[in-house]
């Protein structure tokens, strides 16, 4: 009977160890004590490692968009419209990464910058960023879709009605910050890809003129 009582007391102590008050109450007289449970963590956000991966995916894509922009900004290609489009995508993707890091730290976690970024969405992506215009648009579209799909995956994880994963605030954050933005950007890039594809792949007599005019259009609208 005493053993069962003692065992129950131990389990009670362990279950209450995560409360900040209990830790302060038990350790206030112990010099050098730490208070690891007096933090901003609650609910299930800190169990979703995908948030860390999502940051790294944004950072990777930001650099990739920047390289795509540089490719079209040089004197040889001289496609200022395409360069402007990818520079803007690079900036917004970078800003989203910073916002994600702020959210992670707000919830009591530390950003682990050594987290491995997810694999490329398409294994056929070339390592070189010296692409022609339509090819670059198709790659940008696939990259943007991969960001949206990753957000949906995280949303699915924190939607689980489980004490370790369910997290209402992360659901709200992902919905407000990314859902509508992703759908708008994907629709925009899909439109660009199909418009230029129609100009180039349907037997036009002067494809270089078509690309030039489309680049001029991007300069004015992006």
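The values are calculated or read from the model by the stated rules, or taken from the named source; none is laboratory data. Because the structure is a prediction, the values reported are computed rather than measured. Methodologically, a virtual Cβ is constructed for each residue, glycine included, from the backbone with ideal geometry; neighbour enumeration extends over all protein chains shown.
So the values come out like this:
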| quantity | calculated |
| --- | --- |
| Some residue of the range 55-65 being modelled with pLDDT of 70 or more and exposed (fewer than 15 other Cβ atoms within 10 Å of the Cβ) | yes |
| Qualifying residue in the range 100-120 (condition: within 23 Å of residue 199 (Cα to Cα), in contact with a helix residue (DSSP H, G or I) (Cβ under 6 Å, 6 or more places away or on another chain) and in a helix (DSSP H, G or I)) | no |
| Single residue of the range 81-110 satisfying the filter (modelled with pLDDT of 95 or more and surrounded by fewer than 16 Cβ atoms within 10 Å (Cβ to Cβ)) that is farthest from residue 57 (Cα to Cα) | 88 |
| Selected residue [crowded, with 18+ Cβ neighbours inside 10 Å and at pLDDT below 90] from 157, 116 | 157 |
| Residues located in the range 76-99, provided they are farther than 20 Å from residue 51 by Cα and either touching a residue at least 40 places away in the same chain (Cβ under 8 Å) or in contact with a helix residue (DSSP H, G or I) (Cβ under 7 Å, 6 or more places away or on another chain) (or both) | 77, 79, 80, 81, 82, 83, 84, 85, 86, 87, 88, 89 |
| Residue within the range 27-39 that is surrounded by 12 or more Cβ atoms within 10 Å (Cβ to Cβ) and at pLDDT 80 or above present | no |
| Residue match in the range 176-184 (condition: more than 18 Å from residue 55 (Cα to Cα), modelled with pLDDT of 90 or more and either under 12 Å from the mean Cα position of the chain (by Cα) or surrounded by fewer than 18 Cβ atoms within 10 Å (Cβ to Cβ) (or both)) | yes |
| The one condition in (1) in a helix (DSSP H, G or I); (2) farther than 26 Å from residue 170 by Cα that residue 78 fails to fulfil | (1) |
| Subset tally (residues that are closer than 25 Å to residue 97 by Cβ and touching a residue at least 12 places away in the same chain (Cβ under 8 Å)) for the range 182-222 | 10 |
| Residue identified as at pLDDT below 95, touching a helix residue (DSSP H, G or I) at 6+ places or on another chain (Cβ under 6 Å) and under 26 Å from residue 90 (Cα atoms) among 138, 172, 146 | 138 |
| The one condition in (1) exposed (fewer than 13 other Cβ atoms within 10 Å of the Cβ); (2) within 25 Å of residue 94 (Cβ to Cβ) that residue 202 fails to fulfil | (2) |
